[in-house]
Amino acid sequence: MFKTEPLLKSDIVGRAEIETLVNTFYERVRADDTLGFIFDKVAQTNWTMHLPKMYAFWETVLFRTGGFTGNPLAAHARLVPLTDMGRDKFDRWLQLFRGTVDDLFAGERAEHIKNCAADMANVIYSRINGVPDPRFDPANLTLEQRARYSRYQQPAA
Ligand code: HEM
């Protein structure tokens, strides 16, 4: 009997890994009950266009090459009148994204891309829904942050 060794995962080093990540991630998104219909039914995504756009997006984020020139805020804002783009959708998106990264890669860039995705999810979610960014929600502040931020407030005239 052969004993199977766990696969040693390596980091994202360039375009090839980004393509693998994006392809695997959107395969999971399309099969997902919470998110799949938003792409295939609501936006009627043209995958032949969307996937290369997302390779370029992540290559630009990680390596400053890739030449992404889209408008992510507008692309998501246009969905708001058509479907719910609430927190649960973004939480699920992030769960699938982090899970895909962790299944395929390990290392500094793998950690970095998950952090970038989380930051952008917060920005997109708050901007398109017109709600405060959860990172700056007073309910999430530590006591130290609360005390520090309260000093920035102008005294009432
Ligand atoms: C609730 C979560 C999300 C949903 C349902 C969603 C859905 C979509 C859809 C339907 C499109 C348009 C695809 C088409 O052309 O048909 C799109 C575009 C895009 N999404 Fe998302 N998205 C989500 C979160 C995110 C996050 C967190 C990021 C960034 C980390 C992101 C990055 C992008 C980018 C870069 C584009 C292309 C924008 C452009 O065309 O310029 N998405 N998304």
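The values are calculated or read from the model by the stated rules, or taken from the named source; none is laboratory data. No experiment lies behind these values; they were computed from the predicted model shown. We place every Cβ from the backbone using ideal geometry, glycine too, and count neighbours over all the protein chains shown. Only protein heavy atoms, including side chains, enter the accessible area calculation; ligands, DNA and RNA are left aside. Shrake-Rupley method; radii C 1.70, N 1.55, O 1.52, S 1.80 Å.
ALA110 falls short on exactly one of the conditions (1) outside any helix (DSSP H, G or I); (2) surrounded by 12 or more Cβ atoms within 10 Å (Cβ to Cβ), and that condition is (1).
Being among the aliphatic types (A, V, I, L, M), open to solvent by less than 40 Å² (accessible area, probe 1.4 Å) and in contact with a Lys or Arg (Cβ under 6 Å, 6 or more places away or on another chain) is a condition met by no residue of region 115-122. Just name the residue that is least open to solvent (accessible area, probe 1.4 Å) out of those in region 123-150 that are more than 16 Å from the ligand (Cβ to nearest atom) and touching a Pro at 6+ places or on another chain (Cβ under 8 Å). Only one residue tops the list, namely ASN140. Considering (1) touching a residue at least 12 places away in the same chain (Cβ under 8 Å); (2) near the ligand (Cβ under 8 Å from one of its atoms); (3) of a type outside the set (Lys, Arg), the lone condition that THR100 does not fulfil carries the number (2). Among the numbered criteria (1) assigned to a helix (DSSP H, G or I); (2) surrounded by 14 or more Cβ atoms within 10 Å (Cβ to Cβ); (3) β-branched (Val, Ile, Thr), which single criterion is violated by THR45? Going through the list (1) assigned to a helix (DSSP H, G or I); (2) surrounded by 14 or more Cβ atoms within 10 Å (Cβ to Cβ); (3) β-branched (Val, Ile, Thr), THR45 breaks only (1). Taking the numbered list (1) of a type outside the set (S, T, N, Q); (2) near the ligand (Cβ under 9 Å from one of its atoms); (3) within 30 Å of LEU8 (Cα to Cα) in turn, MET85 passes all entries but (3).
Yes/no matrix, rows are residues, columns are (1) within 12 Å of the ligand (Cβ to nearest atom); (2) open to solvent by 40 Å² or more (accessible area, probe 1.4 Å); (3) over 20 Å from LYS114 (Cα atoms):
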residue	(1), (2), (3)
GLU19	no, yes, no
VAL29	yes, no, no
PHE37	yes, yes, yes
LYS53	yes, yes, no
THR60	yes, yes, no
THR65	no, yes, no
ALA74	yes, yes, yes
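Residue count for region 81-107 under the criterion of being within 19 Å of PHE63 (Cα to Cα) and outside any helix (DSSP H, G or I): the result is 3.
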